[in-house]
Amino acid sequence: MTKEELDNYFKCLESINKAKYALKTIKTIKWETDVTKLDLSVLRNCWIKNEHEYQSIKIEYRPKDTICCMHHARLFHDVTDDAKTMCNTIELIQLGNVNIIPPIFVKLQIIIDGEITETSNEYMIDGNHRLRAANHFQLDMIPIVICERVRQFKFTKSKWDITYDSETLVFESFVDKKRYEFKLLEWNLKQDGTDELIVERDC
């Protein structure tokens, strides 16, 4: 190991020891359960910062045993970046000056001719360390944030007026004038069969 690596190792070890001491003073986690006060932009996960991409965002309390990604692993695996993140999480919980954003799960939707017809199972995109902390405190009920996001649109060509320019693609229903507008840099277009167009997110 280099001197710099040793310095980082012992700094991390010191942080772990401080976090373990802090845990003795914490009884629970002060969650943010008001959807209107959630600020997802403070999280490091780039997949959840664009809140405008979600159809809906809600919070539900779940028994810990029903959360599919409930982690029973110990808080500190090793003196690694994972441990540093856990130390930061514990410090934030201990300070108590901000409510903790619950773990975040996503449901992906498919919309066919303007109607939601398929929804995927939930999967977690952020909150591993917060779940492990909740498990440490033996919390029976845990809030989770559920974000519903459209992954794919399907359009029957005979039912929609389709227009486009260099930046956008627009579908407008012949029946009820429902309108969908897509930025070409964010969405991909492909054909499925003879009379159906599929618009999917680029990422």
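The values are calculated or read from the model by the stated rules, or taken from the named source; none is laboratory data. These figures come from a predicted structure and were not determined experimentally. FYI the Cβ positions are ideal-geometry reconstructions off the backbone, even for glycines, and counts take in every protein chain you see.
Considering each of Leu108, Leu139, Leu169 in turn, give the residue that is out of contact with any Phe, Trp or Tyr (no Cβ under 7 Å at 6 or more places or on another chain), surrounded by 14 or more Cβ atoms within 10 Å (Cβ to Cβ), of a type in the set (A, V, I, L, M) and at pLDDT 90 or above.
Sole residue among the options that is out of contact with any Phe, Trp or Tyr (no Cβ under 7 Å at 6 or more places or on another chain), surrounded by 14 or more Cβ atoms within 10 Å (Cβ to Cβ), of a type in the set (A, V, I, L, M) and at pLDDT 90 or above: Leu139.
Are any of the residues in region 33-55 at pLDDT 85 or above, touching a helix residue (DSSP H, G or I) at 6+ places or on another chain (Cβ under 7 Å) and of a type in the set (Val, Ile, Thr)?
no
Need at least 1 residues that are among the small types (Gly, Ala, Ser) per element, so show me which strands (runs of 3 or more DSSP E) inside region 112-203 make the cut, counting only ones lying wholly within it.
Working: elements: 115-119, 123-126, 141-156, 160-164, 168-173, 179-183, 187-191, 196-201.
In region 112-203, 168-173 are the strands (runs of 3 or more DSSP E) which contain 1 or more residues that are among the small types (Gly, Ala, Ser).
May I ask you to list the residues in region 1-38 that are of a type in the set (Lys, Arg), without any contact (Cβ under 8 Å) to a residue 60 or more places away in the chain and not in a loop (DSSP other than H, G, I, E, B)? So that I can check it myself, show each step before the final result.
Start the filter on region 1-38 by keeping residues that are of a type in the set (Lys, Arg), which leaves 3, 11, 18, 20, 24, 27, 30, 37.
Pick out the ones that are also without any contact (Cβ under 8 Å) to a residue 60 or more places away in the chain and you get 3, 11, 20, 24.
Matches in region 1-38: Lys3, Lys11, Lys20.
Return yes when Tyr164 is touching a strand residue (DSSP E or B) at 6+ places or on another chain (Cβ under 8 Å), of a type in the set (Phe, Trp, Tyr), surrounded by fewer than 16 Cβ atoms within 10 Å (Cβ to Cβ) and at pLDDT below 90 and no when it is not. Even if it seems obvious, please write down each step before you answer.
On the way: touching a strand residue (DSSP E or B) at 6+ places or on another chain (Cβ under 8 Å): yes; of a type in the set (Phe, Trp, Tyr): yes; surrounded by fewer than 16 Cβ atoms within 10 Å (Cβ to Cβ): yes; at pLDDT below 90: no.
Considered against the rule, which asks whether it is touching a strand residue (DSSP E or B) at 6+ places or on another chain (Cβ under 8 Å), of a type in the set (Phe, Trp, Tyr), surrounded by fewer than 16 Cβ atoms within 10 Å (Cβ to Cβ) and at pLDDT below 90, Tyr164 comes out as no.
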